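Where a number appears in this text, it was derived from the coordinates with a stated rule and is not lab data. Bear in mind the structure is a predicted one, so any value in this text is a computation, not a measurement. For neighbour counting, all protein chains shown are included, and Cβ atoms are generated from backbone atoms with ideal geometry for every residue, glycine included.
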Amino acid sequence: MELIEGIRTRRSVRRFTGEKVSRETIETIIDAARFAPTWKNSQTPGYVVVESRDIIEKIADEGVMGREHNAGIIKGAAALVVLTSVKGICGYEPDGSFTTSKGSEWQMFDAGIAAQTFCLAAHNYGVGSVIMGIFDEREVARIIGLDDSRAVSALIAIGYPAQEPNEPKRKDVEEYVSYI
Ligand SMILES: Cc1cc2nc3c(=O)[nH]c(=O)nc-3n(C[C@H](O)[C@H](O)[C@H](O)COP(=O)(O)O)c2cc1C
């Protein structure tokens, strides 16, 4: 898929067919996503692919702050990708102090780039995805048994699309840009 076409046609997909996404396809997507840029090339994002229906149900029931909308998406997904980040690296100097006034925010910045790169690569291979920010970080970490050195940065539900979502209205270029 041509790059700009892929960027423009990726949509958040929230309804999926029951078809499984093979590990080979998931790893092909991650093979592309690992080229996402990161703070000093620290490559701190990680992808925990939850295939177990039991764990998926548990995250939907206990890990999304009671939000039925997200619980429904997760239960209908072929797999749930828990995007994780190694803590204490992005934004930090070797002595543990912050490099910039943004403190540790760069960790989420890297996770955001990784998430979008993952979703664009998934789109290229016909796999639908939606990034979800509404979840209970502590609960999700507990359910998946995440090591304390990593944070849960986002949830990404994936599967083959059972819908062709309309394109949400975007602001015009003039509203985004300013020159001085
Ligand atoms: C950081 C972030 C958090 C989001 N959280 C949720 C969420 O919790 N649930 C959901 O259904 N969609 C979520 N979305 C998807 C947005 O609603 C969606 O990207 C937006 O409406 C634009 O639609 P599009 O992705 O189809 O272009 C999130 C997107 C981002 C980038």
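List of remarks:
- Matching residues in the stretch 142-159 - criterion: being in contact with a strand residue (DSSP E or B) (Cβ under 8 Å, 6 or more places away or on another chain), of a type outside the set (D, E, K, R) and either more than 15 Å from ARG15 (Cα to Cα) or surrounded by fewer than 17 Cβ atoms within 10 Å (Cβ to Cβ) (or both): ILE144, LEU146, SER149, ALA151, VAL152, SER153, ALA154, LEU155
- Sole exception among (1) crowded, with 17+ Cβ neighbours inside 10 Å; (2) closer than 26 Å to TYR125 by Cβ; (3) of a type outside the set (Asp, Glu) for ASN41, by number: (1)
- LYS102 falls short of the stated requirement of being within 15 Å of the ligand (Cβ to nearest atom) and part of a loop (DSSP other than H, G, I, E, B).
- Single residue of the stretch 1-25 satisfying the filter (in contact (Cβ under 8 Å) with a residue 60 or more places away in the chain and among the aliphatic types (A, V, I, L, M)) that is nearest to the ligand (Cβ to nearest atom): VAL13
- Pairs where the first residue, in the stretch 79-102, is without any contact (Cβ under 8 Å) to a residue 40 or more places away in the chain and the second is part of a loop (DSSP other than H, G, I, E, B) and β-branched (Val, Ile, Thr), C-beta under 8 Å, 6+ apart: TYR92/THR99; GLU93/THR99
- Any chance GLU175 is exposed (fewer than 14 other Cβ atoms within 10 Å of the Cβ) and within 13 Å of the ligand (Cβ to nearest atom): no
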